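S.K.: Below is a structure I'd like to ask you about.
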Amino acid sequence: MNKLYVYLLYRWWSYSSSPPSMGGILYNSSELTTFTLTGLPGLENSQHWLFLLLGTLYIVSIVGNGLILFIVKEEQSLHQPMYYFLSLLSANDLGVSFSTLPTVLATFCFHLRTISFDSCMAQMFFIHFFSLMESGVLLVMSFDRYVAICNPLHYTTMLTNTHVVCMGLWAIIRSFCMVFPLPFLLKRLPFCKANVLSHAYCLHPGLIHLPCGDITINSIFGLIIVMFTFGLDSALILLSYVLILCSVLTTASREERLNTLNMCVSHLCAVLIFSVPKIAVCMTARFGRHVPRLVYTVMSLIFLFMPPMLNPVIYSIKIKQIRWRLGRMLV
């Protein structure tokens with residue numbers, strides 16, 4: 001009996017210490033696969049200072065977006081479609097910040113660099129979900145500006161509360177449907193390499209290069225997501241601003257033109273802050289194979305940290321009602 005017990009224990013240990021194989025290729029299950037997170041390569045001795053910098057960005061982002069949500073909720077004059085969309089953008093930026101915070105804190109502050117497969121998939125899902133959602137929110141905000149400038153007489157009928165809720169739900173549902181298959185497409189693949197990530201968090205472009213199996217479906221699906229979300233949204237936002245510009249140029253007064261364009265400055269800045277780093281990250285991940293890893297890591301940090309931090313600052317400066325309410329709170 002004791003020999004049988006020892007034999008079964010040995011067989012269990014042998015199975016659990018090495019993943020099952022098939023045709024000479026190791027097939028890691030989600031329970032057996034872990035990933036190693038990295039900070040900034042070459043700056044391992046400055047991790048605490050880096051976390052101090054990133055922690056400052058987190059504080060500015062969380063406090064700034066929280067204040068935007070609070071002010072829009074409390075200020076009755078801001079209960080309009082434009083500010084509802086701004087609230088959705090601020091809530092989304094909070095989601096981006098909280099998605100990366102746990103692993104960034106663990107990596108830079110506590111030097112805990114391993115993350116389980118399921119935790120990594122969950123973080124990847126939320127990071128990409130909120131990133132795609134931000135693109136959709138910026139698109140509906142550009143539509144709001146187009147209607148307000150080009151069809152001001154129909155603004156209240158075209159952007160009712162019901163329509164605002166529907167557009168917000170569209171941005172959420174579209175993002176969810178696009179990102180939902182990603183963890184399952186990765187889970188079917190074998191992981192038999194050193195699973196070292198390029199960041200202190202899990203991103204799909206970094207994860208698809210780790211499996212040993214065929215990643216064609218994953219790569220094509222990732223490209224489809226980029227084309228039909230970021231690409232299509234950017235094209236529609238550009239079209240809306242071309243139409244806005246054509247409408248503004250027909251305005252007789254130069255002062256009216258400046259006032260009209262001033263309405264779009266904050267949103268245009270938010271679009272550029274989001275789009276430029278995102279395009280750089282996508283291009284580097286797919287075509288910049290000889291780009292140093294530090295460059296790719298820094299661009300990913302800019303993409304995930306700068307929009308949540310700068311959006312509340314820009315809107316607080318450009319929108320008079322928010323600026324006035326902030327002044328009252330600080331006095």
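S.K.: Do we find a residue being under 25 Å from PRO292 (Cα atoms), within 19 Å of the chain's Cα centre (by Cα) and among the polar types (S, T, N, Q) anywhere in the range 40-48?
M.R.: Looking through the range 40-48, none of the residues is under 25 Å from PRO292 (Cα atoms), within 19 Å of the chain's Cα centre (by Cα) and among the polar types (S, T, N, Q).
S.K.: Something else now. Only one residue in ALA122, ALA91 is within 30 Å of ILE322 (Cα to Cα), small (Gly, Ala, Ser) and either exposed (fewer than 14 other Cβ atoms within 10 Å of the Cβ) or out of contact with any His (no Cβ under 9 Å at 6 or more places or on another chain) (or both), so which one is that?
M.R.: Residue meeting the stated conditions: ALA91.
S.K.: Scan the range 150-159 and tell me whether some residue there is in contact with an Asp or Glu (Cβ under 7 Å, 6 or more places away or on another chain), among the hydrophobic types (A, V, I, L, M, F, W, C) and not in a helix (DSSP H, G or I).
M.R.: Just the residues of the range 150-159 that are in contact with an Asp or Glu (Cβ under 7 Å, 6 or more places away or on another chain), to begin with: 159.
Applying the additional criterion that residues be among the hydrophobic types (A, V, I, L, M, F, W, C) yields 159.
Add one more test, that the residue is not in a helix (DSSP H, G or I), and what stays is 159.
There is at least one residue in the range 150-159 that is in contact with an Asp or Glu (Cβ under 7 Å, 6 or more places away or on another chain), among the hydrophobic types (A, V, I, L, M, F, W, C) and not in a helix (DSSP H, G or I).
S.K.: Can you tell me how many residues in the range 243-266 are surrounded by fewer than 10 Cβ atoms within 10 Å (Cβ to Cβ) and not small (Gly, Ala, Ser)?
M.R.: 4
S.K.: Pairs please, first residue from the range 184-203 and within 16 Å of ASN218 (Cβ to Cβ), second anywhere and assigned to a loop (DSSP other than H, G, I, E, B) and of a type in the set (Val, Ile, Thr), Cβ atoms under 7 Å, 6+ apart in sequence or on different chains.
M.R.: Correct list of pairs: LEU189/ILE215; PHE191/THR33; ASN195/THR33; LEU197/THR38.
S.K.: Further question on the same structure: Could you run through the range 102-133 and say how many residues are in contact with a helix residue (DSSP H, G or I) (Cβ under 8 Å, 6 or more places away or on another chain), of a type in the set (Phe, Trp, Tyr) and assigned to a loop (DSSP other than H, G, I, E, B)?
M.R.: 0
S.K.: Given the criterion in contact with a Pro (Cβ under 8 Å, 6 or more places away or on another chain) and either surrounded by 12 or more Cβ atoms within 10 Å (Cβ to Cβ) or modelled with pLDDT of 90 or more (or both), identify the matching residue among PRO205, PRO190.
M.R.: Numbers: PRO205 fails: in contact with a Pro (Cβ under 8 Å, 6 or more places away or on another chain).
Exactly one residue qualifies, and that residue is PRO190.
S.K.: For SER119, are the conditions met, namely being among the hydroxyl-bearing types (Ser, Thr, Tyr) and closer than 19 Å to LEU69 by Cα?
M.R.: no
S.K.: In the range 216-331, which helices (runs of 4 or more DSSP H) lie fully inside it and hold 2 or more residues that are of a type in the set (D, E, K, R)?
M.R.: Here the list reads 254-287, 293-318, 320-330.
S.K.: Small (Gly, Ala, Ser) and either more than 19 Å from ILE302 (Cα to Cα) or under 13 Å from the mean Cα position of the chain (by Cα) (or both) - does that describe any residue in the range 123-135?
M.R.: Checking the range 123-135: at least one residue is small (Gly, Ala, Ser) and either more than 19 Å from ILE302 (Cα to Cα) or under 13 Å from the mean Cα position of the chain (by Cα) (or both).
To keep it simple, each residue is scored yes or no on (1) touching a residue at least 12 places away in the same chain (Cβ under 8 Å); (2) more than 18 Å from ILE127 (Cα to Cα).
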| position | (1), (2) |
| --- | --- |
| LEU268 | yes, yes |
| ILE273 | yes, no |
| HIS290 | no, yes |
| TYR296 | yes, no |
| LEU304 | yes, no |
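The values are calculated or read from the model by the stated rules, or taken from the named source; none is laboratory data. In this text the structure is predicted, and so the values were computed from the model without any measurement. Because the Cβ atoms are built from the backbone with ideal geometry, glycine has one as well, and the counts that use them run over all protein chains shown.
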